[in-house]
Amino acid sequence: MRALLQAGACCMALAIIVGCTRASNQPAHPGGRVAHAQVELKVESVTSGPEGLAVAYAVRNASSHAVLLVDGLPEWGPTGYVGLAPERAYVDLSGDGAVLLRQLVPVPENLDVEAPEVPALSRVEPGTTASRRLLVPLPLRTSMPYATGPEVTRELSAVRELRLRVGYLPAADDVRLHGATESGGTAYRTAEYGQVVTRQQVLDSGPLPLDGVK
């Protein structure tokens with residue numbers, strides 16, 4: 001749980017443009033149901049450069065109700081919590097693929113933690129789009145909120161399949177929101193682990209093309 005590199009100039013970066021992806025019919029990452037088709041994830045570019053691997057994406061809410069993105073991942077320093085890291089993503093290197101996660105990751109059943117890591121929430125109104133960018137250093141390293149195995153390091157050239165998954169909650173009156181903060185100009189709220197883990201839905205980009213990026 002360390003902060004990822006901040007955004008900057010990406011010299012000699014290679015980029016590809018990919019299309020709009022609706023909710024995947026494949027099983028969601030643990031801790032989320034398959035997302036509603038009216039909430040769309042569009043990966044706009046994947047770039048590789050000196051800063052690392054950057055993914056620009058947008059979530060469009062075409063439904064008639066607001067949604068809450070589960071995308072405010074925390075930043076940690078030597079003395080503990082620092083704040084929110086707008087470009088941070090979890091990295092799961094299970095198998096020969098890589099999954100970049102902007103969502104709540106459930107606490108494993110066999111693990112006791114003092115406090116679950118719950119991302120902050122940002123509201124997306126009906127008919128609007130939230131644009132985001134994530135950045136992870138290269139080579140890729142396992143970066144999950146709970147250690148369940150050895151850390152894996154993998155060169156991007158060895159990744160067979162890259163996916164992005166983004167969590168959100170349908171906004172509801174009984175979702176208990178707490179506090180407010182600002183990170184990168186975006187307003188965030190926090191919610192309780194139990195409500196997020198049971199209501200979170202997950203958008204899956206599907207396999208992202210890596211030709212010209214590795």
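For a quick check: with amide H placed at 1.01 Å from N, whose amide H comes under 5 Å from GLU192's, ignoring anything fewer than 5 positions away on the same chain?
ARG176
Could you calculate the contour length gain from TYR146 to GLN195, that is, 0.36 nm times the residue separation minus the distance between their Cα atoms, to one decimal place in nm? Write out the running numbers ahead of the final one.
Values: separation 49, 0.36 × 49 = 17.64 nm, distance 1.93 nm.
Working it through step by step, the gained length comes to 15.7 nm.
Could you check how much of the accessible area of region 101-170 is carbon and sulfur, as a whole percent, using a 1.4 Å probe? The partial results should precede the final answer.
Numbers: 1560 of 3430 Å².
Ligands and nucleic acids excluded, carbon and sulfur reach 45 percent.
Counting only heavy atoms of the protein chains, get the accessible area per residue of region 39-208 (1.4 Å probe) and round it to a whole Å² value. Don't skip to the end; give the middle numbers.
Values: 7340 Å² over 170 residues.
That works out to 43 Å² per residue.
Excluding GLY95 itself, what net charge comes from residues whose Cβ is under 9 Å from its Cβ, given Lys and Arg +1 and Asp and Glu -1? Display every interim value, and only then the final one.
Working: positive: ARG160; negative: ASP96, GLU161.
Result for the neighbourhood of GLY95: -1.
What's the FRET efficiency of ALA62 with ALA158 using the Cβ-Cβ distance as r and R₀ = 22 Å, to the nearest 0.05? Provide the component values of the computation, followed by the final result.
On the way: r = 37 Å, r/R0 = 1.67.
Step by step, r from the Cβ atoms, then E = 0.05.
In region 39-208, if the dipole is taken from +1 on Lys/Arg beta carbons and -1 on Asp/Glu beta carbons about the Cα centre, which of VAL43, LEU140, VAL82 is farthest to the positive end?
In region 39-208, that residue is VAL43.
Please list 3J(HN,Hα) in residue order for region 124-131, calculated via the Karplus relation 6.51 cos²θ - 1.76 cosθ + 1.60 where θ = phi - 60°; whole Hz, with x for glycine and proline.
Listing the rounded values in order: 10, 6, x, x, 10, 10, 9, 9 Hz.
Long-range amide H contacts for GLY83: which residues qualify at under 5 Å (H placed 1.01 Å from N, peptide plane, sequence gap of 5 or more or a different chain)?
Amide H to amide H, under 5 Å and 5 or more residues apart or across chains, GLY83 pairs with GLU75.
The values are calculated or read from the model by the stated rules, or taken from the named source; none is laboratory data. All figures in this text were calculated on a predicted structure; none of them were measured in a lab. Neighbour counts are summed over all protein chains in view; Cβ atoms, including those assigned to glycine, are modelled from backbone coordinates with ideal geometry. The protein model used for the area step is the full one, side chains on, heavy atoms only, and it has no ligands, DNA or RNA in it. Shrake-Rupley method; radii C 1.70, N 1.55, O 1.52, S 1.80 Å.
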